[in-house]
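Peer 1: Can you keep this structure in mind? I'll have questions shortly.
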Amino acid sequence: MIALASLRERRRSLLGTLLTLAVAVAVLTVCGLLLVSARPVTPARYAASPVLIRPVPPTSPEAFTEPRPWPAEQAAALTVRLAAVPGVSQVVPVHRFHAQLLRDGSAVAGEQDAYNWSAAALGGHVLASGRAPAATGEVVLGAAQAAPVGARVVLLTAAGPEDYTVTGTVDGTGIWVADGMAAARGGGVPVIGLLTASTSTDADGAAGGHGGAGEAADADIAAAVAAVVGVDGVVLTGDGRGALEPVGDARTRWIGMQVLSALCALGLFVSVFIVASTFAFATRQRERELGLLRLLGAVPGQVRRWVLGEVVLLGLLGGAIGVPAGLLAARPVANWLVSTGFEPASFTVLYQPVVPVAALAAGVLVALAGAWAAARRAARVGPLAALRTAAVDDRPVTLVRMIGGGLALAAAIAAGVAATEASGADLGTYALYAAMALVTAASLLAPVLLPAVVRLLTAPFAGGRGATALLVRQHVGTAARRSAAAAAPVLLCVAFTVLIGGMVQTTTAYYGLNRVSAANATAVVVPDGATGLSDAAVTAAGGRSALPTTLYDGVEPLAAAGVTAAEHTVFHTAQGSLSALHAATPTGQEPGGGPGRLVPVAVAEGFAGSQGWVLDSTHQVFGPDGRALTVVVVAVVDGGPLPASILLDRAAVRAMDPSALTTVVYSGRLVPDSALAGLGARTLTAAAYAGSGQDEDDRLVWVFTALLIGVSAGFGLLAVVNTMLMSTTGRAGDLRVLKLSGATRAQVLGVLAAETATVVATGAALGLAVAVAALAALARGLSTQLGVAVPMVIPWGTLAATVGVCLVLAVAAALLPALGSARPARSAPRV
């Protein structure tokens, strides 16, 4: 009950902490609900098939690559065996190739592949009008694509624009062509779908009508199918069919999970940090109150339990506010994630009761974690502290705090060293870890650092008229712990906003410019609404380009790309010759076919060293069409803008992968728009390409950056206001004494504003130092990874805005409660 009464008495000073916990619990509730909802959904085109078979996928769930398809011959043999399984009414191998509808010369968003007409049955699609496609150049479209029967349409394929005649329509969306045409253009078979005797279709063509008996029968069929397929594939039923979601959706869902996980981690860290600094500050202000309790007979354990009881009640109250807010915000946030591209269009929120319960418990644990050190300090307050009136810190930093700061600094150094040697996503992760550790170290050691920083900041004003600079320097430096606690939220806010913004600008600006300059290009041609660039667009653009594809070492994907002799000039060869890539196909051999054929490849030096693909070695792999082939290493490349670890002849890639698309063409001239008309492509200058962030990944990174900055800055600004309100409220007596010493009301407020500005500047300086150290480690890591000097980019605009907002809010929060204390006193204060 004492804890509850204490909370009621201090409700105003703890309002900011309560809001911080409530926001943290709301963020955890939203992120938790979205994380448990982020599960794959069965694609609509396979919804009517109760049993689906796919090839064995890669072992890494983050490969985001289609499994190696079955060759057409193997799929045909498997289809015959599956058709003999009792209960199977139809076996449909899926053939597909890239095709995107063009309207008025522009690519239409949505469907990106054409399928064989027989595969329409797997989605329960039936003709709404017209007839099925039967010959090359005929197509069936979804009614939503607004093309009537008999209309002429243009499909953008990997080869270029092609004319088709609409022979029929179905409800929904999709592109279907004659089975023979799809088989000829599709390469390997990625999926085999089954229709069973228990499968029913409603009038709209949707799957339905499965009762308990039907589901049991399908389960028996799936077991029999698994015995037939063996190790050659994976049988999918029920919700497991969601594994067939498009690779793009899987990658988008993974990105969304990383975003939500990062928000959770940052929210937890910031919340613990703010609660810790707030309660440490409050404990320092309440030493006389705690000492009085000791005088009345309270033992240290009782004081500790009292403080922790306050924290638990505060955590429960914050959770009671945050959980409903999170439940209400989950659906709008989910819609926003879908609209921004962090989740696929099929994403929906699933409300699981365990999530709000866990978020509420997490709120209490966050509060306890943040206030544990403050509770231990409160238990050490002696009875004589009740007689203490001075704010002088006789020992600004305790031994425990010094050890903790040293350990955090050591962790920051270790993370920084790891960042300089890391690669890929780990590089940014280690830089963020280094920043977290540095923020903790700076906060713990701030009472030692702060007096020196304050003297440095106030030195230019030391010779001025008046005592303002002297008072500011003495007040801030003398009460080092109080000043450090007030500066901590500013340090946190500045450190993370500058670090996150700087990380993105350092990496994005460099990558965008590097990929253009390394290719010696003055202009680039990129897709304009299309998935990629067709061969026709590449031919019209001229210049240099690569045709990406995937080879397979067993089931594991290997990134590869096709090049021509024009690209040789931008690569540096350590061993062998790139000219050998384009050796003529041996007589009687088809390009890309047969394990007996030696397909020449060049490999990156790092790949050669790690995988043992040395010069003149041969290796058995599988092509993107699923057929086996043998590759021979004819060159090892150690420099240049390699598009992939393995390089092949472009013609060999096209023979194996009919749907491969070029991502970008580097040109020495600006290609006129007329040359690219109707090809789904546009031209950009090198500078515009480097700065436009035209890639979808770049756009998602910037949205992610805004999210992280918003979370860290929002929590930080809330803490700034709360801490300044608490600080000024606790100094009401000091301000009255200053007024009684002869200072005018304006001078009192001026001194307070100057103190607040000094504290903000000190926190900003320490936060900038933290961010610069982490950014330096990031830039060093990029330099090591890429082999060139990468300059560190500091977002000065973000820094100025963050410090400016912190300063305005801090001064306003400090002056508001001081207005009453600075009023003229009618009599001396009672003692």
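The values are calculated or read from the model by the stated rules, or taken from the named source; none is laboratory data. Note that the coordinates shown come from a computational prediction; the quantities given were computed from them, not determined experimentally. Here the Cβ positions follow ideal geometry from the backbone for every residue, glycine too, while neighbour counts run over all protein chains shown.
Peer 1: So which residues in segment 115-136 are more than 18 Å from D171 (Cβ to Cβ) and either free of Cβ contacts under 8 Å to residues at least 40 places away in the same chain or crowded, with 21+ Cβ neighbours inside 10 Å (or both), if there are any at all?
Peer 2: Passing the criteria: only N116.
Peer 1: Step by step: first the residues of segment 106-146, then only those that are closer than 27 Å to D528 by Cα and in a helix (DSSP H, G or I), then the one that is farthest from the chain's Cα centre (by Cα). Which residue is that?
Peer 2: This residue is A143.
Peer 1: Any residue that is among the polar types (S, T, N, Q) and at pLDDT 80 or above - is there at least one of those in segment 741-753?
Peer 2: no
Peer 1: While we're here: Could you list all residues from segment 137-171 that are farther than 30 Å from A546 by Cβ and polar (S, T, N, Q)?
Peer 2: Q145, T165, T167, T169
Peer 1: Right, another one. Can you find, within segment 352-366, the residue that is modelled with the lowest pLDDT among those that are closer than 15 Å to L35 by Cβ and crowded, with 21+ Cβ neighbours inside 10 Å?
Peer 2: The residue in question is A362.
One line per residue, one yes/no per condition, for (1) over 30 Å from G716 (Cα atoms); (2) modelled with pLDDT of 85 or more; (3) assigned by TED's automatic domain parsing to the domain that holds T17; (4) within 30 Å of the chain's Cα centre (by Cα):
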{"site": "A243", "(1), (2), (3), (4)": "yes, yes, no, yes"}
{"site": "R284", "(1), (2), (3), (4)": "no, no, yes, no"}
{"site": "E287", "(1), (2), (3), (4)": "no, no, yes, no"}
{"site": "P300", "(1), (2), (3), (4)": "yes, no, yes, no"}
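Peer 1: Every residue in segment 150-171 that is touching a helix residue (DSSP H, G or I) at 6+ places or on another chain (Cβ under 6 Å) and farther than 25 Å from R650 by Cβ, please.
Peer 2: T169, D171, listed by residue number.
Peer 1: Something else about it: Based on what the data block shows, is A559 modelled with pLDDT of 70 or more and either part of a strand (DSSP E or B) or among the small types (G, A, S) (or both)?
Peer 2: yes
Peer 1: Residue under question is A144, and the condition is that it be surrounded by fewer than 23 Cβ atoms within 10 Å (Cβ to Cβ), among the small types (G, A, S) and without any contact (Cβ under 8 Å) to a residue 60 or more places away in the chain; does it hold?
Peer 2: Answer is yes for this residue.
Peer 1: Run I53 past the list (1) in a loop (DSSP other than H, G, I, E, B); (2) at pLDDT 95 or above and report the number of the one that doesn't hold.
Peer 2: Of (1) in a loop (DSSP other than H, G, I, E, B); (2) at pLDDT 95 or above, only one is false for I53: (1).
Peer 1: If you take the residues in segment 13-50 that are among the polar types (S, T, N, Q) and not in a helix (DSSP H, G or I), which one is modelled with the highest pLDDT?
Peer 2: Looking at residues that are among the polar types (S, T, N, Q) and not in a helix (DSSP H, G or I), I get S49.
Peer 1: Just one of A411, A425 is of a type in the set (G, A, S), surrounded by fewer than 20 Cβ atoms within 10 Å (Cβ to Cβ), farther than 26 Å from V748 by Cα and at pLDDT below 70; which is it?
Peer 2: It is A425.
Peer 1: A follow-up question, please. Taking the conditions exactly as written (surrounded by 14 or more Cβ atoms within 10 Å (Cβ to Cβ), of a type in the set (A, V, I, L, M) and not in a helix (DSSP H, G or I)), does V235 satisfy them or not?
Peer 2: Judged against the criteria, V235 is a match.
Peer 1: While we're here: Filtering segment 40-77 down to residues that are hydroxyl-bearing (S, T, Y) and surrounded by 17 or more Cβ atoms within 10 Å (Cβ to Cβ), which residue is farthest from V247 (Cα to Cα)?
Peer 2: Of everything passing the filter in segment 40-77, S49 is farthest from V247 (Cα to Cα).
Peer 1: Just give me the residues in segment 533-556 being of a type in the set (S, T, Y) and in a strand (DSSP E or B), in sequence order.
Peer 2: Correct list: S545, T549, T550, Y552.
Peer 1: Considering only residues of segment 315-329 that are touching a residue at least 60 places away in the same chain (Cβ under 8 Å) and surrounded by fewer than 23 Cβ atoms within 10 Å (Cβ to Cβ), which is farthest from G110 (Cα to Cα)?
Peer 2: Here the residue is L317.
Peer 1: Next question, about the same structure. Given R745, R780, which one is of a type in the set (D, E, K, R) and surrounded by 18 or more Cβ atoms within 10 Å (Cβ to Cβ)?
Peer 2: On inspection, the qualifying residue turns out to be R780.
Peer 1: List every residue pair whose Cβ atoms lie under 6 Å apart, where the two residues are 6 or more positions apart in sequence or sit on different chains, the first residue falls within segment 147-158 and is closer than 21 Å to S534 by Cβ, and the second residue, located anywhere, is surrounded by 18 or more Cβ atoms within 10 Å (Cβ to Cβ) and among the aromatic types (F, W, Y).
Peer 2: V153/Y164; L155/Y164
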